[in-house]
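Asks: The structure follows.
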Amino acid sequence: MTSMNQQSGKNGPIEQYDVMVIGAGVSGMYALHHLRQMGLSVRVYDGASDIGGTWWYNRYPGARVDGPGSPFYSYTFSEELIQEWDWEETQSEQSAVLAYLEHVADRFDLRRDIQFDTWVQDARYDEATQRWTVETDTGVHASAPFLICAVGALSTANMPDIPGIHDFAGECYHTGRWPHEPVSFEGKRVAVIGTGSSGIQSIPEIAREAEHVTVLQRTPQYAFPAGNRPITPEERADARTNWDSFVAKMRSNFGGFPYDNQPRSALEDTPEQREALYEELWQRGSFKFFLDLYSDIATSEEANQSLADFVRAKIRKIVHDPVTAKKLLPDYFVITKRPILEDGYFETFNRDNVSLVDLREDPIERFTRTSVVTRSGEHPIDMLVLATGFDAISGSMLRLNPKGRGGMSLAEKWKDRFHNYLGLTVAGFPNLFMIHGPGSPGVFYNMPLGAERQMDWIGRCLRHLDEQELGAIEPLADSEEAWGAEVSALANATLFPRTDSWWTGANVPGKPRYFSVYLGGSIYYQRIYDMADNGYQGFVFEKENQPGNAEAS
Ligand SMILES: Cc1cc2nc3c(=O)[nH]c(=O)nc-3n(C[C@H](O)[C@H](O)[C@H](O)COP(=O)(O)OP(=O)(O)OC[C@H]3O[C@@H](n4cnc5c(N)ncnc54)[C@H](O)[C@@H]3O)c2cc1C
């Protein structure tokens with residue numbers, strides 16, 4: 001393999017690396033570290049001004065980890081990191097996660113190979129040289145045999161297209177692009193569109209300060225108590241002393257967490273027993289609610305109904321005004337949208353300064369310079385908060401829109417749905433790898449751990465190519481179709497695809513509706529390693545500098 005140098009192209013010098021990585025979030029940072037350990041020259045590009053991705057952008061009030069959080073929302077590759085970093089809370093707030101990632105960047109001296117404030121505008125594969133070239137908005141022109149896209153499954157902000165929205169003259173912020181300077185809500189009339197995770201985390205915080213908050217709700221949500229609390233010294237010591245066994249458990253657990261899987265069906269229990277379990281989990285709170293649930297909540301309509309009824313009863317009990325409570329009652333299969341953790345969300349609707357507009361019966365007609373107009377009338381506002389989420393999972397890859405063999409664009413290839421193999425590679429796009437791409441466990445898995453595990457596989461694949469003097473790898477089209485069918489079959493055995501969600505692409509107008517997460521959990525990692533052990537089944541290789549000289553595997 002080559003090391004970093006420069007060649008001249010028609011637009012000036014072309015920087016040469018072994019690997020280029022797009023994205024310096026949790027995934028890209030680990031990719032850089034891992035590839036460096038392999039002795040490769042690496043360049044990372046990120047449009048943001050520093051490391052952190054999600055945790056750099058999402059600074060809205062209330063933003064925090066909501067998975068079974070710290071210390072398990074962290075890297076596992078270095079035991080020193082767990083020994084030396086003091087997580088304070090079970091669900092760390094954004095600034096704490098960012099501080100941790102900054103520590104990682106310092107400790108492993110990552111920033112020297114990352115180019116910030118640099119947006120990759122074009123990425124193209126050249127079949128003759130078996131190399132990718134990228135061009136950035138800062139005029140960088142660089143080339144490498146391998147391109148790793150760590151562009152983020154929740155990175156491309158979903159901006160609503162509502163008549164007049166650009167005329168609104170007040171402050172307007174998207175939760176996923178929150179300003180770095182403090183935002184004051186004091187004395188302001190604030191409208192929030194969206195009640196997904198970001199809306200539900202931020203609304204109680206905004207309501208504490210604002211003069212008035214108008215929640216513009218498109219979909220009522222099931223939300224569960226966050227149960228955030230300080231990590232006890234005993235828990236911290238336990239994680240440190242028994243880190244190896246924690247990591248082993250995380251790697252074998254379905255979702256990548258250090259817990260046992262719950263094997264019991266809801267239908268084995270009586271309604272009273274179910275109620276008792278739900279109540280116990282509700283009182284304890286945290287994402288562990290979902291991990292300790294019955295095994296068939298997402299597959300049996302009857303089991304699902306029992307939990308949905310439980311949550312709806314809780315909402316009715318918490319929210320004093322029955323008309324508002326009714327509007328807040330969700331009517332889809334529970335947990336078939338990304339489960340949401342809340343801290344005082346439903347109670348917020350008992351405040352005098354909060355009102356709820358159900359957009360299904362009272363839709364937004366337009367914005368003016370000073371208000372939002374819904375069918376029932378005008379709501380004067382000073383600030384608009386767009387908690388409208390992301391063009392998730394495939395959105396950032398489509399925005400990058402790399403060009404593969406023959407100049408084919410990814411947008412063209414994915415116009416009806418994503419086509420890829422293992423959620424990692426794409427036919428017609430040799431030597432391109434995705435982390436947390438569509439068709440991988442991605443957002444259904446502990447994401448830092450998932451990034452490490454996918455990246456380790458990519459590293460091993462690059463080593464294989466080097467040792468075998470191979471110049472390019474790409475999946476066969478048939479492998480992609482079989483993988484897509486497997487992803488669908490797993491999803492169709494559940495209730496997930498029956499609900500509109502960002503997992504299905506339904507939150508973005510015009511996006512093909514397709515459930516795009518591999519629901520096999522940790523089995524996935526076994527699968528991809530087995531395929532590698534069996535000579536990279538489903539892939540085709542080219543010898544170095546001999547394009548067209550393909551060898552199927
Ligand atoms: C509020 C919030 C809470 C979350 N909580 C959890 C949780 O509790 N547990 C969990 O597992 N996950 C959680 N997630 C998911 C989170 O996104 C992942 O855990 C993880 O941070 C993703 O890291 P990443 O590096 O893959 O992507 P990102 O952090 O999204 O980073 C991608 C980077 O790529 C850059 N980029 C993209 N395209 C280009 C381009 N063309 N040119 C240059 N740069 C580009 C972006 O600027 C960005 O910095 C949460 C997400 C959000 C939004």
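Asks: Could you work out how far the C-alpha centroid of the stretch 76-133 sits from that of the stretch 202-274, in angstrom?
Replies: Each part reduced to its Cα centre gives a spacing of 25 Å.
Asks: May I ask you to give the solvent-accessible area per residue for the stretch 18-96, in square angstrom, as obtained with a 1.4 angstrom probe?
Replies: 28 Å²
Asks: Oh, and also: If I compute solvent accessible area with a 1.4 Å probe over the protein chains, what percent of it on the stretch 303-409 is carbon and sulfur?
Replies: Of the solvent-accessible surface of the stretch 303-409, carbon and sulfur hold 48 percent.
Asks: Moving to a separate point now. So, with +1 on the Cβ of K and R and -1 on the Cβ of D and E, and no other charges, what is the size of the charge dipole of the chain about its Cα centre, to the nearest 20 debye?
Replies: Result for the chain is approximately 940 debye, rounded to the nearest 20.
Asks: Separate question: Extending each Cα 7 Å along its Cβ direction at GLN283 and SER265, get the distance between those two points in nm, one decimal.
Replies: 2.9 nm
Asks: Mind putting together the pair-distance distribution for the stretch 207-327? All Cα pairs, 5 Å bins, whole percent per bin, short to long.
Replies: Result, from short to long distances: 2, 9, 14, 17, 17, 13, 11, 9, 6, 2, 0 percent.
Asks: I've got another one for you. Could you tell me the number of lysine pairs in the chain with C-alpha atoms less than 21 Å from each other, where the two lysines are 8 or more residues apart or belong to different chains?
Replies: Qualifying lysine pairs in the chain: 17.
Asks: Here's a follow-up. Across the stretch 38-51, in residue order, what do the Karplus-derived ³J(HN,Hα) couplings come to in whole Hz, using 6.51 cos²θ - 1.76 cosθ + 1.60 with θ = phi - 60° and x for Gly and Pro?
Replies: Values, residue by residue: 7, x, 9, 8, 9, 10, 10, 10, 9, x, 6, 8, 7, 5 Hz.
Asks: In addition: Can you work out the accessible area per residue across the stretch 276-343, with the rest of the protein chains kept in place, probe 1.4 Å, in square angstrom?
Replies: Result: 43 Å² per residue.
Asks: Next question, about the same structure. Might you tell me the accessible area per residue for the stretch 400-477, computed with a 1.4 Å probe and given in Å²?
Replies: On the way: 1940 Å² over 78 residues.
I get 25 Å² per residue for this part.
Asks: How do 201-210, 386-395, 523-532 rank on mean C-beta neighbours within 10 Å, highest first?
Replies: So the peptides 201-210, 386-395, 523-532, ranked by packing, come out 386-395, 201-210, 523-532.
Asks: Counting only protein heavy atoms, what percent of the accessible surface of the stretch 127-213 is carbon or sulfur at a 1.4 Å probe?
Replies: 48 percent
Asks: Which value, to two decimals, describes the C-alpha radius of gyration of the stretch 448-553 once divided by 2.2 N^0.38 Å?
Replies: With N residues counted in the stretch 448-553, Rg over 2.2 N^0.38 Å equals 1.29.
Asks: Kirkwood Rh over alpha-carbon pairs of the stretch 7-107, then Stokes-Einstein at 37 °C and 0.692 mPa s: what D in µm² s⁻¹, rounded to an integer?
Replies: Using the Kirkwood radius from Cα pairs, D works out to 217 µm²/s.
Asks: So, one more: So what is the diffusion coefficient of the chain in µm² per second by Stokes-Einstein at 10 °C and 1.306 mPa s, using a Kirkwood Rh over Cα pairs?
Replies: For these conditions, the coefficient is 64 µm²/s.
Asks: Once amide H atoms are placed 1.01 Å from N in the peptide plane, what residues at a sequence separation of 5 or more from LEU154, or on another chain, have their amide H within under 5 Å of its amide H?
Replies: ILE393
Asks: Give me the percent of the accessible area of the stretch 1-110 that comes from carbon and sulfur atoms, probe 1.4 Å, all protein chains in place.
Replies: About 44 percent, which is the carbon plus sulfur part of the accessible surface.
Asks: While we're looking at this one, here's another question. Antiparallel as a % of all DSSP beta bridges within the chain, to the nearest 5?
Replies: On the way: 37 of 74 bridges.
Taking every DSSP beta bridge within the chain, about 50 percent pair in antiparallel fashion.
The values are calculated or read from the model by the stated rules, or taken from the named source; none is laboratory data. Everything quoted here is computed from the prediction, not taken from an experiment. Ideal geometry is used to build each Cβ from the backbone, glycine not excepted, and the neighbour counts take in all protein chains shown. Heads up: the accessible areas ignore ligands, DNA and RNA and are worked out on the full protein's heavy atoms, side chains in. Shrake-Rupley method; radii C 1.70, N 1.55, O 1.52, S 1.80 Å.
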